[in-house]
Every structure is written in structure tokens, then in C-alpha cells.
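Chemist: Take a look at this one; I'll ask things after.
The values are calculated or read from the model by the stated rules, or taken from the named source; none is laboratory data. Quick caveat, the model's predicted, so the values are computed rather than measured. Backbone-built Cβ (ideal geometry, glycine too); neighbour counts: all protein chains shown. We work out accessible area using only protein heavy atoms, side chains counted, and drop any ligands, DNA or RNA first. Shrake-Rupley method; radii C 1.70, N 1.55, O 1.52, S 1.80 Å.
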Amino acid sequence: MQLDIPILSNDTTEDINVLTKNNYRSTNGKNVYIETYGCQMNVNDSEIVAGILQKSGYGITDKIENSDVILLNTCSVRDNAEQKIDKRLQHLRYYKKKKSKLIVGILGCMAERLRGKLIGKQDLVSIVVGPDEYRKMPELLEQAFKGEEGIAVKLSRVETYDDIIPLRTEGVSAWLSITRGCDKFCTYCVVPYTRGRERSKPFSAVLKEVNELWKEGFKELTLLGQNVNSYIDMEAKKDFAKLLDEIAILVPQMRIRYTTSHPYDMTDELIETMAKHKNICNYIHLPVQSGSNRILELMNRHYSVEHYLERIRKIKELIPNVALSTDIISGFPTESEEDHKMTLDLMKEVRYDGAYMFNYSPRSKTKSYMMTDDVPVETKKRRLSEIIDIQNQIASEINKNEIGNIHEVLVEGTSKKNINEWQGRSDTNKVVIFDNSDGKYVMGDLVKCRITKSSSATLFGEVV
Ligand code: SAH
Ligand code: SF4
Ligand code: F3S
């Protein structure tokens, strides 16, 4: 279960992202519409797919009714993420009735997990493509237009799409995946099975892409990976701290973020690098999952509560204004009332600015799937709501203390509630809303705001 919680995490299963605000013209007379579910890595992957398809002549459209191909880039992390796709496919039958030649394809983690089972689903799906097979998309689509079904779901040990130029939606912020896959094998998690083994983009390819993004006008960059801080280029002998250091020097005017980091790989060098560079944002998403050592061990998380808290202490010491967010799973098999209380205690001790909080969802193939899902639904629900209540209370208190502080806000667009207001983010990744009735600023501007009001999720400011 995913809930709407303050700060952006790397998991956005509630958001549906449509590529793209730009409409790219086709040269082969066919238009593709792409919807993205799941984490930011999927968002970046959809941009990669769009890049590949555009190169072979397809147009990219954000108007579903104009499309000849509908692609859903999917997530498998929890059961409800997959249910959402099932529902969406039911809706898509309407478009197929209107246009019988319409091709519907499933990409991403669900494609990898369910493979052939998806073909023919809802009498719609004719292509299924896993995360490491996107280069085959033009070929698969060509066959699909001839009436052939197609599946490509091989995982790769080397694919990083480092020579593909993603077709990014124009804007202020760019995503850049620097690692793919995951080798951590947390016992609850499907990602190692849907994304395969961990691999890193070559160091030189990352630097080249960053430089191009800056030249294209992006003001902010988020480096992505399921375990972004375990990045390693063996040949160049560069780890994540070194990469971050060189990027910060290469584009000193660009804001740099990264997600998601694993507590196990949160090295001193990395924290020191963040502290050293002004353009690396003072924000870390550091999923803890549980406050109980017994549960962390069952989860195979490779750290103890003590190690985690020591890392937090070091981070707060070196980066005094840092904002922290986390992921928490409630109701993991065998979780007792005492384990749950330890999670609440840890939250009170760290005092996160934001959190994504989920009920445990058993996923086949994973190790914990073999364990009995023995926490009753009612208990899970109650524990999760206690976790959410504490988090909301802490976030409100932290945000209240922001009143009077001045933040540099990167303008991202108009506020969803009022077109006379701008919405942007502080260095610490907090949403800041401020007045734009005189139309003085444009997207991408950095504006100094004094905070005048707050809620648990948002800050409101005035320009100073
Ligand atoms: N690589 C990241 C996050 C991966 S998925 C990390 O290790 O932190 C994002 C979040 O989904 C996880 O942090 C976890 O909190 C949650 N999650 C993953 N598998 C889950 C499951 N089976 N049930 C409930 N939540 C899960
Ligand atoms: Fe999943 Fe764990 Fe890897 Fe994160 S680190 S993607 S939770 S296996
Ligand atoms: Fe979901 Fe796959 Fe991302 S399972 S969270 S889309 S890596």
C-alpha cells in the first residue's frame, strides 16, 4: 500500500507519468504513447525507449487518441502496483475498439516478471519487453504491425544503454540512471529478479552525458540507481563518491541529487563529498525499512539499527542542514508489537523530513515469499497508520521550524492549486509555493524565498 507522503522517494507507484510534453513528429506515420508507472528509473527508461523509437521513425505523442502504439512501462514492487495495470488495461480496450490496428505493449518490471502470461491479456497485449531488451523495440513493433506477437525478456549483465540518447521531457530536472539492477537481494524484494544483476555505466559516459544535459539547459540532475551509491567503474577505479565529486566540479552551477542510497554503502567519503560541494543537494533518501535488528536480519538488509544510526549521526554532523527521508515496510513476516515499537522509536530518533511507508506485500520468487505472511491485515493496517501518524507529526514540526528561514528555490512550474503561484523545490527537496502574480520569474529560475507558512508536506514562502 502506498500513501501520499511528503517527500519524493525513488518509488512513485502512485504517479502515472506520460511521455512527453513535447510532441516528436513521426517519419514513418506512426505515433507512440507511453505511460510510466513505478520508480524514477522507469521514468528514465521510458525516455530511453522513446529515444530508441524516435530514431527509427516513430513519433512520440502525449495524446492517447492519436496513437498507433500504447506502451505501459510497469512496476511489480507491490501487488497493488500490478493491479493498477490490470485496471488500466481494461480501460484501454476502449481505444482498441475504436482502432483495431492499435498495438498495446507491456514494458518494465511486470513484463519481466510475468512474461508470456501477459500476451493476449484483455485481448489487447501483443508485445512484452523487459528492462534490458529495449533495443529490440523497433523490431518487435514492426512484427506486431504484421500481426505477430513478441516477447523479449532476457536480462543482461552489461546493458546500460550508455550510447542511447534518452528523449527527455523538456524541463528543469533531468534523470540519469547510472546503475541498473540490484545485487542486494533483500528477502522481500522483486527488483533483483525484474532488473537483473547490478551494473554501472562507464564513468566517462556518465560525465559526458552530464555535460550535455547542462549544455541543453537542465538546471538539476538526479543520478539514479536502485543502489546508486554502490556505483563502481572497475576499469576507471571510480566509486560513487568519486563520481559525485567530479560531476560537482564539472557542472558547478547545476544542482545534483541522487537516489536511492543503501545504508550499507553510505561511506564516509560519500558524506564528505556531499559536505564539500555546494551544488550537491543537502538531501538524502536512506531507506531503513525497519527499526528492529531481528527484522532487518530477516530482510537481509546487511546493516544493524546501530550502524544505521551511526551513519545518520555522521551525516548530520558533516551536513548540518541536511533533510532526510526513508522507506519503511510495516508487517513483515513475524513482526511483533515490540519490533513495530522499535520502528516508531527509530523514527522519533532520526526525525525524517519525509517517508514512504508501505504494508508488506508478498512477492513470488523472493525469499520472504516462503515465510508465512502472518501479521493479520488489521494489525498491519493499524501499525502502518501509527507509523504514518508519527511521521506526519514529525514532518509538521520540522516544517514549522522552517518558518522564517530562507531557501533557494528552483522553480519547476505553476502550483497545482493556483496558476498565480509558482512551485519549486528547496535544496533540501521540500516543495515551496510562492506568489507569481506579477509574472516575474520563469521555470528554471533560482529564487530566494523566506518561509512564511508550512504544512507536513509543503512550505509556503515569499520572495526576498
Ligand atoms: N532500492 C531501494 C528501493 C527499492 S523499492 C532500496 O533498497 O531502498 C522501494 C521501496 O519499496 C523499498 O525501499 C521498500 O520499502 C518497498 N518495498 C519493496 N518491496 C516491497 C514489498 N514486497 N512489500 C512492501 N514494500 C516493499
Ligand atoms: Fe530491493 Fe533491496 Fe535491492 Fe532495494 S536494495 S532494490 S529493496 S533488493
Ligand atoms: Fe517498480 Fe521495477 Fe522500479 S519493480 S520500483 S519499476 S525497479
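Chemist: Mind telling me which of the residues Asn293, Asn279, Asn300 ends up being over 18 Å from the mean Cα position of the chain (by Cα), closer than 24 Å to Trp175 by Cβ and at pLDDT 95 or above? Even if it seems obvious, please write down each step before you answer.
Modeler: On the way: Asn293 fails: closer than 24 Å to Trp175 by Cβ; Asn300 fails: closer than 24 Å to Trp175 by Cβ.
Answer to the selection: Asn279.
Chemist: Across the range 194-235, which residue is nearest to the chain's Cα centre (by Cα) among those that are in a strand (DSSP E or B) and within 16 Å of ligand 2 (Cβ to nearest atom)? Give the derivation first.
Modeler: Of the range 194-235, the ones in a strand (DSSP E or B) are 199-200, 220-224, 232-233.
Now narrow it down to the ones that are within 16 Å of ligand 2 (Cβ to nearest atom): 199-200, 223-224, 232.
Values: Arg199: 18, Ser200: 17, Leu223: 10, Leu224: 8, Ile232: 20 Å.
Ranking the qualifying residues of the range 194-235, first place goes to Leu224.
Chemist: Would you tally the residues in the range 202-224 being at pLDDT 95 or above and at positive phi?
Modeler: The number of residues fulfilling the criteria is 0.
Chemist: Can you tell me which residue within the range 171-194, out of those that are within 12 Å of ligand 3 (Cβ to nearest atom) and aliphatic (A, V, I, L, M), is least open to solvent (accessible area, probe 1.4 Å)?
Modeler: That would be Val190.
Yes/no matrix, rows are residues, columns are (1) at pLDDT 95 or above; (2) away from ligand 1 (no atom under 14 Å from the Cβ):
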residue	(1), (2)
Tyr24	no, yes
Thr36	yes, yes
Asp45	yes, yes
Ile48	yes, yes
Leu72	yes, yes
Cys75	yes, no
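Chemist: Condition first: under 23 Å from Leu114 (Cα atoms), open to solvent by less than 70 Å² (accessible area, probe 1.4 Å) and either at pLDDT below 95 or over 20 Å from the mean Cα position of the chain (by Cα) (or both). Now tell me which residues in the range 146-170 satisfy that.
Modeler: Scanning the range 146-170 gives Gly147, Gly150, Ala152, Val153, Leu155, Ser156.
Chemist: Does at least one position in the range 114-132 carry a residue that is among the hydroxyl-bearing types (Ser, Thr, Tyr), touching an Asp or Glu at 6+ places or on another chain (Cβ under 7 Å), closer than 25 Å to Leu221 by Cα and more than 16 Å from ligand 1 (Cβ to nearest atom)? Quick ask: steps written out before the conclusion?
Modeler: To start, the set of residues in the range 114-132 that are among the hydroxyl-bearing types (Ser, Thr, Tyr) comprises 126.
Next cut, touching an Asp or Glu at 6+ places or on another chain (Cβ under 7 Å) only: 126.
From the residues that got through so far, the ones that are closer than 25 Å to Leu221 by Cα too are none.
No, the range 114-132 contains no residue that is among the hydroxyl-bearing types (Ser, Thr, Tyr), touching an Asp or Glu at 6+ places or on another chain (Cβ under 7 Å), closer than 25 Å to Leu221 by Cα and more than 16 Å from ligand 1 (Cβ to nearest atom).
Chemist: Can you name the residue in the range 90-122 that is surrounded by fewer than 21 Cβ atoms within 10 Å (Cβ to Cβ), among the charged types (D, E, K, R) and within 17 Å of Glu149 (Cα to Cα) and is also nearest to ligand 3 (Cβ to nearest atom) among such residues?
Modeler: Going through the qualifying residues, I end up with Arg115.
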